[in-house]
1. Over the chain, what is the relative contact order in whole percent, taking alpha-carbon pairs under 8 Å and six or more residues apart?
2. Taking the Cα atoms only, what angle lies between the long axis of helix 41-53 and the longest principal axis of the chain, rounded to 10 degrees?
3. Listed here are the pairs LYS7/LYS219; LYS151/LYS204; LYS7/LYS204; LYS76/LYS223; which of them are more than 28 Å apart at the Cα?
4. P(r) of the chain in 5 Å steps, Cα pairs, percent per bin?
5. Largest first, what is the accessible-area ranking of MET199, MET234, MET215 with a 1.4 Å probe?
6. By accessible area of protein heavy atoms, probe 1.4 Å, what ranking do ARG209, ARG220 get, highest first?
7. What's the FRET efficiency of ARG220 with GLU84 using the Cβ-Cβ distance as r and R₀ = 45 Å, to the nearest 0.05?
8. Got a sec? What order do SER15, SER246, SER46 fall in by accessible area at 1.4 Å, biggest, i.e. largest, first?
Amino acid sequence: MSTLQGKTALVTGASRGIGRATALALARAGAHVLAHYGRSTQEAESLVAEIRANGGRADAISADLATPQGAATLAKEVQAIIGERLDVLVLNAGISKAARLADYTVEDFDTLFATNVRGPFFLVQQLLPVLGEGSNITVISSAVARTVVGKPGVDNPSILAYASTKGAIETLVKNWAAILGPRGIRVNAVAPGVIDTDMSNFTKTEAGREITLGMQALKRLGKAEDVADVVAFMASEGARWITGASIPVDGGSKL
Ligand code: NAD
């Protein structure tokens, strides 16, 4: 299916996990993929090599999106490669942290918000000159933007600071969709449940796996590809009338 033939796409945090699967899905659909990464040069280069070996177009670009200048640096490099037009932007890069309420530090909080909210906010701002009629943005949010997961209690670790970054990004999605809609730019979130990646290391234990399956109607662990296929659809013409939405991709979690 070549629904994105001739289109350009930037995926942040593409070296592994959901970002990597998304970069591959967009390349399969025909897009020229810019695979952004933080530090994992080798993984990013192997992704680019895989896309090219399959006949696709890809380039790797590095930038630390947690730094104040990260978004502007990345936007500049993107424009140097693609020129005037970015059709698809996938804001995927993110970090998580689990801790007891009493153990969170100001630095934890600031790093989570810098990476998961400030980076995407300023990347959209900096890329505005190359986003136009027909461009679209998909943000990787999370089911935890709307649902409390785990076992709440002051003695138990939780991901509440991470969850609040995803709440913030979903608010941005609605505002971006409203502001950019008149320019013909769509903006949506995709909200995965638990997906088997490096981030969700608790799924590697029997107990974590059981808790995850217990929450879901479809009794298996979610895979990065389960999310990537939905992102590829959201980026395609088939999703032309969807904007400002958050699409759950969670195997029916906490129904
Ligand atoms: P992952 O840890 O495998 O991937 C995260 C990616 O973000 C990596 O490529 C990493 O290098 C990049 N990144 C992090 N900080 C960065 C920085 N400062 N600068 C540049 N790149 C940076 O995890 P994943 O599960 O693939 O996560 C991808 C997205 O999906 C995240 O936004 C995450 O919050 C979201 N998500 C994941 C799950 C899950 O269960 N795995 C569930 C819901 C949402």
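1. In percent, rounded to a whole number, it is 19.
2. So the inclination is approximately 50 degrees.
3. Those over the limit are LYS7/LYS219; LYS7/LYS204; LYS76/LYS223.
4. 1, 6, 14, 18, 20, 17, 12, 7, 3, 1, 0
5. Accessible-area ranking of MET199, MET234, MET215, largest first: MET199, MET215, MET234.
6. Ranked from most to least accessible, the order is ARG220, ARG209.
7. Calculated transfer efficiency: 0.55.
8. Reading off the accessible areas and sorting them downward yields SER46, SER246, SER15.
The values are calculated or read from the model by the stated rules, or taken from the named source; none is laboratory data. These numbers come from a predicted model, not from an experiment. With ideal geometry, Cβ positions are generated from the backbone for all residues, glycine too; neighbour counts draw on all protein chains shown. Remember, those area values only see protein heavy atoms, side chains included, never the ligands or the DNA or RNA. Shrake-Rupley method; radii C 1.70, N 1.55, O 1.52, S 1.80 Å.
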